[in-house]
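I have placed the structure first, in the form of structure tokens, so that the comments after it can refer back to it.
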Amino acid sequence: MNILLLGSGGRESAIAWKLSQSALLTNLYIATGNGGTLTFGQNVNMSILDFPSIATFCLQHEINLLISGSEAPAVAGIWDYFQREDLKHIAVIAPSQTSAMLEGSKAFAKEFMKKHQVATASYLEITKENISEAYAWFDTRNPPYVIKADGLAEGKGVVLPESKEEARQLIDDFVLNKRFGASSEKVVLEEFLAGIEFSIFVYTNGTEYVILPNAKDYKRRFEGNIGLNTGGMGCISPVPFVDDDLMTKVENEIIKPTINGLKADGMPYDGFIYFGLINCEDRPKVIEYNCRLGDPEAEVILPRIESDLIALFQAGLSQKLSSFQVQISDQASATVMLVSDGYPEAYEKGHNITGIENVHLSTVFHAGTTLKDYELVTNGGRVLAITSLGTNIQEALGKSYESIDRIRFKGQKWRSDIGFEFV
Ligand code: AMP
Ligand code: GLY
């Protein structure tokens, strides 16, 4: 099987690594890939949003399977584009454009959840026409408030103001001043849910699904969960408090109604759903849907999946997912991100990376790296994900931190307390 994978981060490195272990793989291409994906396939310099070039590449290289690692091609409609007569023999692992709105539009996701009775926070949709309802919402509730820009806003579209005044200013800024352009002309106000967050992943063909390993990521830049939000500084799997009882609730109150909703609304889906959840008074509720694997979640969950990933996709595409037994390792997995100094704000690129060849206890997934004159250099904020397996989270983390000692690049930074609540 010939595969084209779209994306260039740590998540796509982990997907490429997993695909490369399959006996079903013939050729793997990654657009655009990074300094590490070269080990698993051939990097292709092509925009992941340039659908005509992607189509031409697929036809020229006899691609059988196109996988969207990132949400951007899905939200832009890659699944629908490949319904074209000359392309429809190429299977696409991505949600349809309508399904991708579960991630692309918070208001769409909330409406979908309400209609299909998926457990989530109560909400109100606000535009400039009904902005007075937002002020009334703040007047009749206690802080903190939850304000979410409807559209994609590079992870900055959710704010949790601590006072009525701040909430009013923020809503004016989002809706009237269009802080995130069209993405914040509409916002969603949500009931604040107190609890502990975790993430559940499924692979689905829109009617059947399999549950993949769960994970918890650490988004804040600094130890003790303080500082700016990042894409994720580290991750662990499995999450110790996610027991059978909680999973039964997640499956019955969240996963099944979601998949049934996709089916009922005729929303085609062939790919991953990432459920961002909060356990609020022992009831799991959806905070957000993503139509992809997470990053760095992929770097901890894929190493725990023992089944062949291509065989899993084939089972999904041939409507045989219900009988596919996905094998999941009992081992714990942890990843620690090595990031550039200054990330998630301004940082330098182009620093030499050395020592990866001395790492034996962990798998090093490349994120922001590239080759410059045949030398490996930094090329992003999140540079490398150092993933290890162990009999428990503590052991896995210990291996990752030992491996970090062997890797060097100028300005390298990391969080020294990933998984701190559980060790
Ligand atoms: P989101 O982009 O929707 O995942 O939101 C970003 C973060 O805001 C989440 O990871 C939560 O920590 C927080 N958050 C979002 N919605 C709520 C809510 N309804 N109650 C409490 N915290 C929330
Ligand atoms: N680590 C969070 C995400 O991928 O959205």
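Worth a mention:
- Amide H partners (placed H, <5 Å) of Gln42, local residues excluded: Leu28, Tyr29, Ile30
- Efficiency of FRET from Cβ geometry, Asp405 and Met247, R₀ 51 Å, rounded to 0.05: 0.90
- The distance from the alpha carbon centre of region 287-335 to that of region 163-191 is 36 Å, rounded to a whole number.
- Nearest-20 debye value, the chain charge dipole, Cβ charges on Lys, Arg, Asp, Glu: 380
- Multiplying the residue separation of Arg141 and Asp330 by 0.36 nm and subtracting their alpha-carbon distance yields 63.6 nm.
- Rounded to 0.05, the FRET efficiency of the Asn229 and Thr26 pair, given R0 = 41 Å and the Cβ-Cβ distance, is 0.55.
- Set of lysines near Lys115 by C-alpha distance (under 19 Å), chain-local residues within fewer than 8 positions excluded: Lys106, Lys249, Lys256, Lys263, Lys285
- Efficiency of FRET from Cβ geometry, Phe420 and Ser122, R₀ 35 Å, rounded to 0.05: 0.65
- Solution diffusion estimate, µm²/s, Stokes-Einstein, the chain, Kirkwood Rh from C-alpha pairs, 37 °C, viscosity 0.692 mPa s: 148
- Eigen-decomposition of the gyration tensor built on the alpha-carbon atoms of region 222-320 gives equivalent ellipsoid semi-axes of 25, 19, 15 angstrom, largest listed first.
- Between region 251-284 and region 29-44, the alpha-carbon centres lie 32 Å apart.
- 5 Å-binned pair-distance histogram of region 212-255 (Cα, whole percent): 5, 20, 21, 17, 14, 14, 8, 0
- Entry note, the chain: relative contact order of 17 percent, from Cα contacts under 8 Å with a spacing of 6+ residues.
- Residue by residue, region 198-209 carries 3J(HN,Hα) couplings of 7, 10, 10, 10, 10, 10, 9, 9, x, 10, 10, 8 Hz when phi is fed to the Karplus relation 6.51 cos²θ - 1.76 cosθ + 1.60 (θ = phi - 60°); x denotes Gly or Pro.
- Within the chain, helix-based [θ] at 222 nm, where runs of 4 or more DSSP H residues each add -39,500 (n - 2.57), nearest 500: -7000 deg cm²/dmol
- For a modelled paramagnetic label at Lys256, 7 Å from Cα along Cα-to-Cβ, the residues of region 106-132 in reach, with backbone nitrogen under 18 Å, are 113-120.
- Loop-located chymotrypsin sites (Phe, Trp or Tyr not before Pro) across region 362-423 with a Cβ neighbour count of 15 or fewer within 10 Å are Tyr374, with loop assigned by DSSP.
- Options Val364, Leu5, Leu124, ranked by Cα towards positive dipole end of the chain, top entry (Cβ charges): Leu5
- Among Lys349, Lys216, the ranking by other beta carbons within 10 Å of each residue's beta carbon, starting with the fewest, stands as Lys349, Lys216.
- Given their separation in residues at 0.36 nm each and the Cα-Cα distance between them, Ser323 and Leu59 gain 91.8 nm when the chain is fully extended.
- When Lys128, Lys106, Lys399 are arranged by Cβ crowding within 10 Å, least crowded first, meaning fewest neighbours, the order is Lys128, Lys399, Lys106.
- Across region 193-326, Cα pairs under 8 Å and at least six residues apart give a relative contact order of 33 percent.
- In region 114-187, Rg over Rh equals 0.96, where Rg is the alpha-carbon radius of gyration and Rh the Kirkwood radius from pairwise Cα distances.
- Taking only alpha carbon atoms, region 60-141 gives an Rg to Rh ratio of 1.19, where Rh is the Kirkwood radius.
- Its Cα centre serving as origin, region 253-401 has a Cβ charge dipole (Lys and Arg +1, Asp and Glu -1) of approximately 360 debye.
Every read-out reported here was derived from the displayed coordinates using simple, explicitly stated rules and does not represent laboratory data. Just so it is clear, the structure is predicted and the values come from calculations on it, not from any experiment. All Cβ positions, glycine included, derive from the backbone under ideal geometry; neighbour counts span all protein chains shown.
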